[in-house]
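Quick note: the coordinates plus some simple rules give every number you see, no bench work behind them. Everything numeric in this text was worked out from a predicted model, so none of it was measured. Cβ placement follows ideal geometry from the backbone for every residue including glycine, while neighbour counts extend to all protein chains displayed.
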């Protein structure tokens, strides 16, 4: 497992995240997820409400990449890990409450992502694993 730094956590909290998945056969899909939040140093979560390609891919293949970029600073991170789909429990309720407070529908599922690797996507940076 890799640890998110305070800078990374702040970026996740303030910027739109994009989640990339792939089917069992390797067909990619990418989509914006405005509900991504930091749970702790090694965990992200988001409300999975679309029920389309992303959900189908997560059921076939739990490997995900989350991209968070601050365009004004030309800085960002790619966070790789495995997603677990939740339909109940404390984390599910925490994400559901946050969605409701934001005027969004209650999620059908919550994706919990364990952070395995982190790479910079800063302009001009060599994409070496940093955590």
Can you name the condition, by its number, that residue 73 falls short on among (1) under 20 Å from residue 13 (Cβ atoms); (2) surrounded by fewer than 17 Cβ atoms within 10 Å (Cβ to Cβ); (3) in contact (Cβ under 8 Å) with a residue 24 or more places away in the chain? (3)
Restricting to segment 85-112, what's the tally of residues that are in contact (Cβ under 8 Å) with a residue 24 or more places away in the chain, touching a helix residue (DSSP H, G or I) at 6+ places or on another chain (Cβ under 9 Å) and surrounded by 12 or more Cβ atoms within 10 Å (Cβ to Cβ)? 9
When the residues of segment 1-24 are filtered to those that are touching a helix residue (DSSP H, G or I) at 6+ places or on another chain (Cβ under 8 Å) and over 26 Å from residue 72 (Cβ atoms), which remaining residue is surrounded by the most Cβ atoms within 10 Å (Cβ to Cβ)? 21
